[in-house]
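Below: one structure, written as structure tokens.
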Ligand SMILES: Cc1cc2nc3c(=O)[nH]c(=O)nc-3n(C[C@H](O)[C@H](O)[C@H](O)COP(=O)(O)OP(=O)(O)OC[C@H]3O[C@@H](n4cnc5c(N)ncnc54)[C@H](O)[C@@H]3O)c2cc1C
């Protein structure tokens, strides 16, 4: 993709952006960690985000080897296995139900006694014969053998007792953090911090677009990110062309 863009004249700069500030003259000042700032007529933010981690022993060691943060992406690798889903929000409950397409059983482990997820989703999961629940419990350690997850060490919070859960995989849904802190101006966002955009991917800040995982939407996949970015790029190009045409000095024909 990068080579393709370069072929068509894109300039690729590898640097960390520290802030994007809209100026009074309409340009956006893009500050980098090192080096001179850039000034752009339009900016498309595609800074993605990252799943919130449990930060327990074993999580990093077994990432991609039984520890996953994406059911759609990795569920099919766990056919016939017993899985654990960690979390109590919509994503956790929805993904637990989704994972029963592949798993023999899914145990939802949640640190509270009740769920934050919509009751309808919880009810659907309860009715699913392959989903069960371990409430008031936290994961203390992810253990494995031969490079794969095999067991979770849990703690039952009210009693403080330790428990073990044998699983072939653990799917962690305790939040996703969009990288939306770069834009200095206020841009409208949803309760979880994702940018709200119009159909052209423009945020509420004129000339600043958002595409992919930073944007509030139903799905966060490579295909949707690429689609968003295509729309944003075409819309931003149109915006810049129109602004330049409007600003260009008019040439009036003088009759003989
Ligand atoms: C574990 C996991 C597995 C997944 N598997 C699949 C899958 O199989 N299929 C699928 O379709 N989707 C999958 N996804 C989802 C998919 O990866 C994302 O939806 C997609 O990559 C989003 O693209 P993006 O460009 O918005 O963000 P990203 O791909 O996250 O790209 C963001 C980029 O911005 C850069 N960046 C961030 N902050 C700054 C900064 N301040 N300055 C400069 N650069 C910055 C980052 O370094 C990164 O390169 C998976 C996600 C995860 C977490």
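A short reminder: the numbers here are calculations on the coordinates, not readings from a lab. All figures in this text were calculated on a predicted structure; none of them were measured in a lab. Methodologically, a virtual Cβ is constructed for each residue, glycine included, from the backbone with ideal geometry; neighbour enumeration extends over all protein chains shown.
Taking the range 143-191, how much of its Cα-Cα pair set, in percent, is spaced more than 15 angstrom apart?
On the way: 787 of 1176 pairs.
Value for the range 143-191 (Cα pairs over 15 Å): 67 percent.
Dimensions of the range 53-174 along principal axes (Cα, Å, largest first)?
39, 35, 22
Compute the long axis of helix 222-247 from its Cα atoms, compare it with the longest principal axis of the Cα atoms of the chain, and write down the angle in degrees, 0 to 90, nearest 10.
20
Ignoring everything except DSSP H segments at least 4 long, calculate the 222 nm mean residue ellipticity for the chain; use -39,500 (n - 2.57) per segment, divide by total residues, nearest 500.
Values: 5 runs with 55 residues, N = 256.
That comes out to -6500 deg cm²/dmol.
If the chain between residue 219 and residue 185 were fully stretched, how many nm would it gain, using 0.36 nm times the residue separation less the Cα-Cα distance? Don't jump to the answer; show the numbers that get you there.
On the way: separation 34, 0.36 × 34 = 12.24 nm, distance 2.59 nm.
Once the chain is fully extended between residue 219 and residue 185, it gains 9.6 nm.
Relative to the longest principal Cα axis of the chain, at what angle does helix 90-99 sit, 0 to 90 degrees, rounded to 10?
The answer is roughly 60 degrees.
Based on alpha-carbon centroids, what's the gap between the range 112-137 and the range 180-208 in Å, whole number please?
The two parts, judged by their Cα centres, are 33 Å apart.
With label points built 7 Å along Cα→Cβ from the Cα atoms of residue 114 and residue 53, find their separation and express it in nm.
Here the answer is 3.3 nm between the modelled labels.
Could I have the simple spin-label model distance between residue 164 and residue 21, label points 7 Å from Cα toward Cβ, reported in nm to one decimal?
The two pseudo-label positions are separated by 5.7 nm.
Counting only Cα atoms, I'd like the Rg/Rh figure for the chain, Kirkwood definition for Rh. It would help to have the intermediate numbers written out before the result.
Working: Rg = 23.7 Å, Rh = 21.2 Å.
Value, to two decimals: 1.12.
So for the range 34-191: antiparallel DSSP bridges make up what percent, rounded to the nearest 5? Please list the in-between numbers first.
Details: 16 of 32 bridges.
Once the DSSP bridges in the range 34-191 are tallied, antiparallel ones form about 50 percent.
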